[in-house]
Amino acid sequence: MTEHSLDGAEVAESDLVVRRGTFRCVAFRDPVDGQEHLALVLGALGDGEEVLVRVHSECVTGDVFGALRCECGDQLDAALDTILTEGRGVLVYLRGHEGRGIGLVNKVRTQVLQDERGLDTVDSATHLGLPVDVRDYGPAARVLRYRGVRSVRLLSNNPAKVLALEDHGVKVAARVPLLVAAHENNSRYLVAKRDRLGHDLPHLNGDPGLASG
């Protein structure tokens, strides 16, 4: 294990063997938001240009328990598989991003409104007086610079994430779609992300209640 400094952050690194393979695990406590985040690095990043990168927001219900309401867990799995196929890349896992930054308790409260009143993921948040999205991608930019990443091919369907990373000084050479199959449990959520939040989801059809995978 080695320990370093990342713009004043506490950092520790070690190899991490997972079912898919072996990554270099970079754990760090960001000095700005105070959260502990994680980056999984695969392969030699070389000159740091056009590195395949996924910046993934924490979702306990989807990532850990496999909730079907969202596509978060499927995207996490797909991103890791894509990076492994590439043989070179970074997955940054940002803590404190639960529910686009509103936290786990408030996220569950919004889900009650979605189930009982039919509100979508946007209206259920604003109905409670909560912001729609307060995620900060600064920690991702800092750890990518720390690992020598100069430009990224970003695994994301969210054009706003591209702009957010570029605002933090990360050059996005390309956005690589990360589409997962839609089904009866996540269709309304995905349609809201497309229609209300501007996500690029071309695999959804025009019916707001249905989607094709």
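Here, each number is a calculation from the coordinates, and none is a lab measurement. Nothing here was measured: the structure is a model prediction, and the numbers come from that model. Cβ placement follows ideal geometry from the backbone for every residue including glycine, while neighbour counts extend to all protein chains displayed.
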query: How high is the FRET efficiency between ALA181 and VAL32 when r is their beta carbon distance and R₀ equals 30 Å, given to the nearest 0.05?
result: 0.25
- request: Please go through region 12-64 and write out the GluC sites (Glu not before Pro) that DSSP classes as loop and that have at most 14 other C-beta atoms within 10 Å.
  value: GLU49
query: Given H placed on each backbone N at 1.01 Å, which residues far from ALA182 in sequence or on other chains put an amide H within less than 5 Å of it?
result: GLY213
query: Sequence-distant or interchain residues sharing an amide H contact under 5 Å with ARG175, placed H: which?
result: LEU154
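For region 102-187, count the residues as N, evaluate 2.2 N^0.38 Å, and divide the Cα radius of gyration by that value, please.
1.36
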query: When the convex hull of the Cα atoms of region 53-143 is projected onto a plane and the area is averaged over all directions, what value comes out in nm²?
result: 6.1
- prompt: Percent of alpha carbon pairs in region 80-127 separated by more than 18 Å?
  reply: 48
- request: State the Cα centre-to-centre distance between region 128-176 and region 1-73 in whole Å.
  value: 14
- request: May I ask you to evaluate 6.51 cos²θ - 1.76 cosθ + 1.60, the Karplus curve with θ = phi - 60°, for each residue of region 68-83 and list the ³J(HN,Hα) values in order in whole Hz, giving x for glycine and proline?
  value: 8, 5, 10, 9, 4, x, 5, 5, 4, 4, 5, 5, 4, 4, 5, 5
- prompt: If r is the Cβ-Cβ distance from LYS171 to VAL134 and R0 is 25 Å, what FRET efficiency results, to the nearest 0.05?
  reply: 0.55
- prompt: Using only Cα atoms, what is the ratio of the radius of gyration of the chain to 2.2 N^0.38 Å?
  reply: 1.02
- prompt: What list of ³J(HN,Hα) values in whole Hz, one per residue of region 116-125 in order, does the Karplus curve 6.51 cos²θ - 1.76 cosθ + 1.60 (θ = phi - 60°) give from phi, with Gly and Pro shown as x?
  reply: 8, 10, x, 6, 8, 5, 7, 5, 5, 6
message: Restricting to DSSP H runs of at least four residues, report the calculated mean residue ellipticity at 222 nm for the chain, -39500 (n - 2.57) per run over all residues, nearest 500 deg cm²/dmol.
response: -9000 deg cm²/dmol
